[in-house]
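Novice: My questions all concern the structure below.
The values are calculated or read from the model by the stated rules, or taken from the named source; none is laboratory data. The model shown is predicted, which means the values in this text are computed figures rather than measured ones. Virtual Cβ from ideal backbone geometry, glycine too; neighbours counted across all protein chains shown.
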Amino acid sequence: MTTTDNGVNVQALLDAREALKGAPEAAQFTWRATSKWDKGVHSTTTIKNFYGLGAEQSHKSETVFAADHPEVFAAEDNGITPIEYLLVGLASCLTAGVASVAQNRGIQLNSVTATVEGNHDIRGILGDADVRNGYNDIKVTFNIDADASPEDIEALVAQSQKRSAVFDALTNPTDVTVEVA
Amino acid sequence: MADRVTTVVVGAGHAGLAASHFLRSRAIDHVVLERGEVANSWRTERWDSLRLLTPNWLSRLPGQDYDGPDPDGYMTMTEVIGFIERFSTGAPVRTGVNVERVERTEEGFEVSSSAGDLACRSVIIASGACNVPIVPDFGELGVHQVTPFDYRHPDKLPDGGVLVVGASATGVQLAAELRASGRHVVLSVGEHTRMPRRHRGRDVLWWMHESGVWAQRYDEVEDLERARRLPSPQLAGGADVDLNTLTAAGVELVGRLAAVRDGSALFSGGLRNVCSLADLKANRMLAGFDEWAGISDRVVLEPTRVPGKPRLRLDLRSGEISTIVWATGFRPDYSWLDVPVLDDRGRLRHDGGVTGVPGLYALGLPVLRRRRSTFLHGIEDDARHVVDHLALRLSGTFDQSVSEAR
Ligand SMILES: Cc1cc2nc3c(=O)[nH]c(=O)nc-3n(C[C@H](O)[C@H](O)[C@H](O)COP(=O)(O)OP(=O)(O)OC[C@H]3O[C@@H](n4cnc5c(N)ncnc54)[C@H](O)[C@@H]3O)c2cc1C
C-alpha cells in the first residue's frame with residue numbers, strides 16, 4: 001500500500017477536534033478584515049489578524065485585496081467585483097474540503113479544478129425591487145483526477161460541501177449587523 | 001425509612017420489561033416503576049395511523065417471538081401494545097408511579113416517586129430515548145404548531161397547508177399522510193437516511209438483519225458518536241415512501257429550515273447536497289448487502305429528484321400554510337436523575353449501558369451495545385448483558401477488571 005499525500009495534516013485536524021471537545025471556548029474564532037475606500041467604487045481590504053484558540057493570532061503576512069467593478073459598470077476595474085470574492089471563498093473552501101476529506105479517506109489526488117459560476121441579475125442592485133440583489137444561483141463544477149472510483153469522487157465532493165464554512169454561509173442566512181462607529 | 005428492593009427499573013416499555021425478564025431469571029428482587037401503563041409511549045405518544053417500520057418477524061423480545069398469521073406485516077399501535085402487554089406478564093410492574101428523583105446513597109440509590117421512596121442497590125434506566133420532541137426555537141411564528149406527540153390525524157389540524165420540518169421516518173410518514181388527505185404540504189429536508197423498503201425482493205431490514213450490519217457492536221463502530229445521532233431511516237410500515245414518492249404525490253421539497261426572519265421561514269440552499277449524500281450512502285449500503293451476498297452486479301437507486309429551483313423562503317403570514325409539524329427528532333428526559341452521569345450536552349455517559357456510577361445502568365439508547373439497540377429485537381442482547389453485569393456486581397465477585405473490560 002502506498003501512503004496518500006495530499007499535503008493535508010489530517011491527524012492535526014483530528015487531534016484539534018478531540019482537544020476542542022473539552023474546550024469549546026477555544027473553538028470560538030473571529031475573522032477580521034479592514035476595508036478602506038480609495039475612490040469611486042474602488043476599495044482596498046487588508047487582512048492580517050484574527051482571534052482564535054483563546055488568543056489574538058496573525059497570518060504570516062498581511063494580504064491586500066483590491067475590489068472595484070469592471071469597465072462595463074463604468075468603473076476603473078482596479079480589482080475584482082465584491083460579489084466575485086464570494087466565488088473565491090466558495091471555490092477555495094470546497095477545494096480545501098476535497099483535499100482534506102480525500103486525505104482522511106486515503107484517496108490520492110492528482111489534480112483538482114473547480115469552476116464556479118454565479119448567476120446574477122444586476123437589475124436588483126440597480127433598484128428593481130422585484131429582483132434580488134445577490135446571486136440567483138451558483139454552480140460549482142469540479143474536475144478531479146484521483147486514484148478513486150467515480151462514486152468515491154462524488155462522495156468526496158458531497159462531504160466537502162457538508163463540512164464547508166463558505167457553503168454554509170452562502171446557503172443559510174446569517175445575522176449581519178452593520179453599524180456606524 | 002424507605003422500603004428496600006435490590007433493583008429498580010425505571011420504565012415499563014419493552015426495554016424495562018426485558019430487564020425484568022433477565023432479573024427474574026436470575027431471581028434478583030426488583031420492581032419496574034412506570035408513570036403510565038405498560039407500553040405507555042406506544043399508547044400516548046404516537047399518531048393513529050402509525051405502524052411499526054420493522055416487520056412482524058423482527059418483533060422479537062426475550063422469550064417471545066411474533067407468532068401471528070402475517071410475519072411480513074407491520075404492527076399497528078394496538079398490536080404493539082398487545083405484544084408488549086403480553087411480554088409484561090409476570091413482571092413486577094407498578095403502574096402509575098412517576099419516578100421524580102434518583103440520587104446516590106452509601107449503599108446505592110434512593111428512588112423518590114409519586115408513590116413514596118425506595119432504597120436500592122442498583123437502578124436500570126429504561127425510561128426511553130424519545131421522551132421529548134425536539135423543537136427548534138425560532139420565536140413567535142404565528143401559526144399552529146404540533147409535534148409528533150400531539151399529532152394524531154390530519155383531520156385534527158386546522159384547515160390549510162402544512163409545513164413539515166424534518167424528513168426522517170416521522171417526517172416522511174406524516175408528509176405522505178397529510179398530502180393524501182388533500183392538503184398542500186411543504187417538506188423541509190435536512191440530512192436524512194434514505195432506505196428503500198425492499199432490495200432484490202426482500203425487506204431491506206431483512207438485509208440489515210441477516211448481513212450482520214445491525215448486530216455490529218458499539219465498540220466496533222468507527223464513529224460511535226455519529227452512529228448514535230443517525231436520523232431514523234425513511235421507512236414506513238408497508239408503504240413505500242421516500243422523497244421521490246412524496247414529490248410524485250405533490251409534496252414540495254425545500255431545504256433545511258435555517259431561520260425565520262420577518263415572518264418568513266428561510267430554507268437552506270443546500271438541499272441538493274443533503275440529497276446527494278443520502279443517495280450515495282443508500283447506494284453504498286445496498287452495495288454492502290450485495291457484497292455480503294456475493295452478488296457482483298449493483299442496484300443503483302433512482303437519484304432523488306430535487307426541484308430545479310427549490311424555494312428558499314415561505315411567508316408564514318401569507319396563509320399558504322396554517323400548521324407546522326416539527327418532525328425534528330426526540331431526546332430523552334433525565335430531569336429526575338440526580339446523579340452526575342450526563343455530559344455537557346445532557347446525554348447519558350455510558351459504556352455499553354454501564355455508567356461510571358457503580359450500580360447505575362441504561363437500556364434502550366441508540367447503539368447502546370449494537371446498532372439495533374433501540375429496536376424491539378435489539379433489546380435481548382443488551383438487557384442480558386446489562387443484567388449480567390449488574391448481577392456480577394451484586395454477587396460481590398465483581399472486580400474492577402470486569403468493569404473495564406468491554
Ligand atoms: C415514532 C416512533 C416509531 C418507532 N418505530 C419503531 C419500529 O417500527 N420498530 C422498532 O423496533 N422500534 C421503533 N421505535 C423505537 C423504539 O422501539 C421505541 O422508541 C420504544 O418505545 C422504545 O422502548 P423503550 O422501552 O426503550 O422506551 P419507551 O417505550 O419509551 O418506554 C419507557 C417507559 O418509561 C416510562 N417513564 C419515563 N420516564 C419515567 C419516570 N420518570 N418515571 C416512571 N416511568 C417513566 C414511560 O412512560 C415509558 O412507558 C420507534 C420509536 C418512535 C419514537
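Novice: For the list (1) surrounded by 13 or more Cβ atoms within 10 Å (Cβ to Cβ); (2) away from chain B (no Cβ under 13 Å); (3) among the charged types (D, E, K, R), I need the number of the one condition that A:Asp168 fails.
Specialist: (2)
Novice: Which count do you get for residues in segment B:101-127 that are within 15 Å of the ligand (Cβ to nearest atom) and either over 18 Å from the mean Cα position of the chain (by Cα) or not assigned by TED's automatic domain parsing to the domain that holds B:Leu394 (or both)?
Specialist: Matching residues across segment B:101-127 total 16.
Novice: For segment B:243-266, how many residues are part of a strand (DSSP E or B), within 9 Å of another protein chain (Cβ to nearest Cβ) and touching a residue at least 60 places away in the same chain (Cβ under 8 Å)? Give the steps one after another, and end with the answer.
Specialist: Filtering segment B:243-266 down to residues part of a strand (DSSP E or B) leaves B:252-254, B:257-261, B:264-266.
If we keep only those that are within 9 Å of another protein chain (Cβ to nearest Cβ) as well, we get B:258-259, B:261, B:266.
Next cut, touching a residue at least 60 places away in the same chain (Cβ under 8 Å) only: B:259.
Total satisfying the criteria: 1.
Novice: Another question, then. Go through (1) surrounded by fewer than 20 Cβ atoms within 10 Å (Cβ to Cβ); (2) over 28 Å from B:Gly270 (Cβ atoms) one by one and return the number of the condition B:Glu191 breaks.
Specialist: B:Glu191 satisfies every listed condition except (2).
Novice: Among the residues of segment A:75-106, count how many are within 22 Å of the chain's Cα centre (by Cα) and either small (Gly, Ala, Ser) or assigned to a strand (DSSP E or B) (or both).
Specialist: Number satisfying all stated conditions: 10.
Novice: Sticking with this one: If I filter segment B:207-231 down to residues being assigned to a loop (DSSP other than H, G, I, E, B) and in contact with a His (Cβ under 9 Å, 6 or more places away or on another chain), which single residue comes out as farthest from the other protein chains (Cβ to nearest Cβ)? Step through it out loud before you land on a result.
Specialist: If we filter segment B:207-231 for residues that are assigned to a loop (DSSP other than H, G, I, E, B), which is where we start, we get B:211-216, B:221-223, B:230-231.
Next, from what is left, pick out any that are in contact with a His (Cβ under 9 Å, 6 or more places away or on another chain): B:214-215, B:231.
Details: B:Trp214: 23, B:Ala215: 25, B:Pro231: 14 Å.
Step by step, filter segment B:207-231, then rank; the result is B:Ala215.
Novice: Can you list the helices (runs of 4 or more DSSP H) lying wholly within segment B:1-100 that have 1 or more residues being of a type in the set (Val, Ile, Thr) and within 9 Å of the ligand (Cβ to nearest atom)?
Specialist: B:40-44, B:77-87
Novice: Quick check on my filter: what residues within segment A:107-150 are more than 16 Å from A:Val88 (Cα to Cα) and part of a strand (DSSP E or B)?
Specialist: A:Leu109, A:Asn110, A:Ser111, A:Asn143, A:Ile144, A:Asp145, A:Ala146
Per-residue answers, yes or no, for (1) in contact (Cβ under 8 Å) with a residue 60 or more places away in the chain; (2) surrounded by fewer than 22 Cβ atoms within 10 Å (Cβ to Cβ); (3) out of contact with any Ser or Thr (no Cβ under 9 Å at 6 or more places or on another chain):
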residue: B:Val99; (1), (2), (3): yes, no, no
residue: B:Glu110; (1), (2), (3): yes, yes, yes
residue: B:Ser113; (1), (2), (3): yes, yes, yes
residue: B:Asn131; (1), (2), (3): yes, yes, no
residue: B:Gln173; (1), (2), (3): yes, no, no
residue: B:Ala176; (1), (2), (3): yes, no, no
